[in-house]
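Beneath this line is the structure, given in structure tokens, with notes to follow.
The values are calculated or read from the model by the stated rules, or taken from the named source; none is laboratory data. Given the structure is predicted, the values throughout are model-derived calculations rather than measurements. So basically every Cβ, Gly included, is an ideal-geometry build from the backbone, and we count neighbours across all protein chains shown.
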């Protein structure tokens, strides 16, 4: 079972339509064999974990699920950009932003929700370098935003 699409199906993940830009930017840009994705939160209607501030409204476990939901949205954008996820050679770099209180310190545990999903779907190709940082706020009060750079096969 090498194909990300098969792994995704076996995980029971259904992809929704990727989020469309609400300003003057695009969801992805390909430069050579690199694909840069704009920041992603959740796709579709928010669940109970997708909006709120970690350390006040949401627990680490709920933040983990919010990061995983953002990962599902990233998968939808990858499919839209490349036609199929099996063209991903490597998830290269991830910036995970957590809407958190000033004293919240478990940002990496939250962003693990995204990183774990990438490993489940892409195997070793999903292992990446990463930053997990706290923000005083995020657009529309969402809990997590993820920015991704991928290496793709031509």
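Observations on the structure shown:
- Residue match in the range 62-84 (condition: modelled with pLDDT under 95, surrounded by fewer than 16 Cβ atoms within 10 Å (Cβ to Cβ), in contact with a helix residue (DSSP H, G or I) (Cβ under 7 Å, 6 or more places away or on another chain) and under 28 Å from residue 31 (Cβ atoms)): yes
- Filtered residue count, the range 14-35, keeping only those that are in a loop (DSSP other than H, G, I, E, B) and without any contact (Cβ under 8 Å) to a residue 40 or more places away in the chain: 9
- Within the range 114-139, being in contact with a strand residue (DSSP E or B) (Cβ under 6 Å, 6 or more places away or on another chain), surrounded by 22 or more Cβ atoms within 10 Å (Cβ to Cβ) and closer than 16 Å to residue 60 by Cα holds for one residue alone: 114.
- Scan the range 79-134 for residues that are closer than 17 Å to residue 151 by Cα, over 16 Å from the mean Cα position of the chain (by Cα), touching a residue at least 40 places away in the same chain (Cβ under 8 Å) and not in a helix (DSSP H, G or I) and the total you get is 2.
- Selection count where residues are surrounded by fewer than 22 Cβ atoms within 10 Å (Cβ to Cβ) and touching a residue at least 60 places away in the same chain (Cβ under 8 Å), scope the range 40-56: 4
- Residues considered: 111, 142. Of these, the only one that is within 25 Å of residue 7 (Cα to Cα) and crowded, with 20+ Cβ neighbours inside 10 Å is 111.
- When residues of the range 1-29 are limited to those that are under 15 Å from residue 88 (Cβ atoms) and touching a strand residue (DSSP E or B) at 6+ places or on another chain (Cβ under 7 Å), the one surrounded by the fewest Cβ atoms within 10 Å (Cβ to Cβ): 28
- The set of residues in the range 98-108 being more than 15 Å from residue 68 (Cβ to Cβ) and either buried (at least 24 other Cβ atoms within 10 Å of the Cβ) or touching a helix residue (DSSP H, G or I) at 6+ places or on another chain (Cβ under 8 Å) (or both) consists of 99, 100, 106.
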